[in-house]
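Data block below; observations after.
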Amino acid sequence: MSFEHMHIISMKEFTRDMIDHVLEVAEEMEPIARSKSGSDLLKGKVLGVLFFEPSTRTRMSFEAAMMRLGGEVLSLGSVDASSVAKGETLADTIRVVAGYSNAIVLRHPMEGAARLASEFSTVPILNAGDGAGHHPTQTFLDLYTIKRESHLEGLKIALAGDLKYGRTVHSLCYALSFYGAEITLVSPPELSMPSEIIEDLKKKNIKVIEADSIEDAIQYVEVLYMTRIQKERFPDPAEYQKVANRLQITPEVLKNAKENLRIMHPLPRTNEITPRVDETPHASYFDQSFYGVPIRMALLCLVMGVFE
Ligand code: CP
């Protein structure tokens, strides 16, 4: 199975076999990510890093992945200090940076930006989030976390929080449908999962349950995937104020949780998971952010053709 030169734009381009292969390669990468052994698999390779929106985990885990494998990173840095501030188009920026690098990781506020970039790039584009569109490398690390901390096949999972604007939960639903998940949705009515996604899941014979509260869902789910209310995507700030603080996980909320419940969150969090939850055996979100490194190592090696 070859991924060489492949653009990673959305999970829609992946079959179950392809996903399983990425997860297997990530398992091989994990000891290197934990720096138990060095590697020069990507020695001489350069990753172009273009972030037009803020990021901590995605940008730094891509950079860590590249560095742990002996490669180098070339960052645009602050957009304001680049020629984007002079009005350079995304297409021109991509054409230029492709000439300096072996792959480009791109985060951009415009939905469809990564797809557009792929049309102008001579090297693979890895979509690190395009507005409310897709964030496929996040989905891969979410799947990897579930595989490592729980199990993928027939998983009972609750997705909670902002299911309307949260791009991570949209991609995750589609990916989990390959593994016969049972998906429970918990959100304020204004932020419910788009109906077309629910219809798509039902067509794939995925059981979708709409629960009234997190307390109800955690009595039977094995993974609770919490998300932040995406304040920056609300057209009207007053609408955000109506739903802010509506869902919050505390140790008290978890009192009837299954013993093996794992709580995940793509992070950053605001106040939807109180810090007191971090001390419970259910908290998996910091392990989840670490797993971004072996997953991004795997994807970089695959698209740069140093691993099959
Ligand atoms: N999960 C995630 O995408 O985090 P960052 O915005 O910090 O990259």
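Explain nothing, just the number: dipole magnitude of the chain about its Cα centre with +1 on each Lys and Arg Cβ and -1 on each Asp and Glu Cβ, in debye rounded to the nearest 20.
300
With 29 Å as the limit, write out which pairs from Lys203/Lys231; Lys12/Lys36; Lys12/Lys164; Lys12/Lys86; Lys231/Lys258 have Cα-Cα distances beyond it, or answer none.
Going by Cα-Cα distance, Lys203/Lys231; Lys12/Lys36; Lys12/Lys86; Lys231/Lys258 fall outside the 29 Å limit.
Using each residue's phi in segment 143-156, evaluate 6.51 cos²θ - 1.76 cosθ + 1.60 at θ = phi - 60° and report the 3J(HN,Hα) Karplus result to the nearest Hz, with x for Gly and Pro.
For segment 143-156, the Karplus curve yields 5, 5, 4, 4, 4, 6, 9, 9, 7, 8, 5, x, 5, 9 Hz.
Which far-off residues, 5 or more places away or on another chain, put their amide H under 5 Å from the one on Val73, with H placed in the peptide plane?
Leu47
Near the amide H of Ile209, under 5 Å away, which other amide H atoms are found, from residues 5 or more places off or on another chain, if H is placed in the peptide plane?
Close amide H contacts, sequence-distant or interchain: Ile183, Thr184, Leu185.
Heavy atoms only, 1.4 Å probe, whole protein assembly: order Phe62, Phe234, Phe120 by accessible area, highest first.
Most to least solvent-accessible, the answer reads Phe120, Phe234, Phe62.
How many percent of the accessible area of the chain is carbon or sulfur, using a 1.4 Å probe?
In the chain, the share of accessible area belonging to carbon and sulfur is 49 percent.
From the helices alone, meaning DSSP H stretches of at least four residues, give me the mean residue ellipticity at 222 nm for the chain, per-run term -39500 (n - 2.57), in deg cm²/dmol to the nearest 500.
-11000 deg cm²/dmol
Accessible area per residue for the chain in Å², computed with a 1.4 Å probe and the full protein assembly in place, what is it?
Accessible area per residue: 43 Å².
Would segment 136-289 count as rounded, prolate or oblate if I go by the C-alpha gyration tensor, calling it rounded below 1.5 in a/c and otherwise prolate when a/b exceeds b/c, oblate otherwise?
It is rounded, given that a/c, with a ≥ b ≥ c, falls under 1.5.
Can you list residues from other chains, or at least 5 along the same chain, whose modelled amide H is less than 5 Å from the amide H of Ala103?
Counting only residues 5 or more places away or on other chains, the set is Val46, Gly48.
Report ³J(HN,Hα) in whole Hz for each residue of segment 58-65, in order, from the Karplus equation J = 6.51 cos²θ - 1.76 cosθ + 1.60 where θ = phi - 60°; Gly and Pro get x.
Each residue's phi maps through the Karplus curve to give 5, 5, 6, 6, 5, 5, 4, 4 Hz.
What list of ³J(HN,Hα) couplings, whole Hz, do you get for segment 219-228 from phi and the Karplus terms 6.51, -1.76, 1.60, once you set θ to phi - 60° and write x for glycine and proline?
6, 10, 8, 9, 10, 10, 9, 9, 10, 7
So how much accessible area does Arg276 have, in Å² to the nearest 10, using a 1.4 Å probe?
Rounded to the nearest 10, that gives 130 Å².
Taking the alpha-carbon centroid of each part, what is the distance from segment 26-75 to segment 78-121 in angstrom?
The distance from the Cα centre of segment 26-75 to that of segment 78-121 comes to 19 Å.
The values are calculated or read from the model by the stated rules, or taken from the named source; none is laboratory data. Just so we're clear, the structure is a prediction, and the values are computed from it rather than from any experiment. Cβ atoms come from the backbone with ideal geometry, glycine included; neighbour counts cover every protein chain shown. Accessible surface areas use protein heavy atoms only, side chains included; no ligands, DNA or RNA. Shrake-Rupley method; radii C 1.70, N 1.55, O 1.52, S 1.80 Å.
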